[in-house]
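A short worksheet on the structure shown next.
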């Protein structure tokens with residue numbers, strides 16, 4: 001059985017004003033992932049996501065294929081698991 005992991009990801013590129021957060025939230029929920037996504041003031045998007053590594057990879061692959069989203073670069077850091085997260089949500 002694949003273990004859960006948690007990642008902190010900053011997405012760079014055309015990631016604001018293109019429904020990135022809504023698509024990320026929708027698909028993350030479909031995959032059973034938990035965490036959050038939000039816009040940052042520097043025009044990047046921040047995500048903390050927890051679940052199976054393959055599912056997190058699937059979420060990123062899905063986002064890379066969505067027009068007009070364009071992910072130029074990602075900064076990814078491993079994090080400790082958080083307990084009690086029951087959903088994936090958009091933070092404002």
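Some observations on this one:
- Residues (closer than 17 Å to residue 29 by Cα, in contact with a helix residue (DSSP H, G or I) (Cβ under 9 Å, 6 or more places away or on another chain) and not in a loop (DSSP other than H, G, I, E, B)) located in the range 56-92: 56, 58, 59, 62, 63, 88, 89, 90
- Qualifying residues in the range 21-34 (those that are under 14 Å from residue 90 (Cβ atoms) and touching a helix residue (DSSP H, G or I) at 6+ places or on another chain (Cβ under 7 Å)) - the one surrounded by the fewest Cβ atoms within 10 Å (Cβ to Cβ): 23
- When restricted to residues that are touching a residue at least 24 places away in the same chain (Cβ under 8 Å) and in a loop (DSSP other than H, G, I, E, B), the range 20-55 contains 4.
- Taking (1) farther than 14 Å from residue 8 by Cβ; (2) crowded, with 20+ Cβ neighbours inside 10 Å in turn, residue 37 satisfies each apart from (1).
Values in this text are rule-based calculations from the coordinates and carry no lab data. Source: prediction; values computed, not measured. Every residue, glycine as well, gets a Cβ built from its backbone with ideal geometry; the counts of neighbours run over all protein chains shown.
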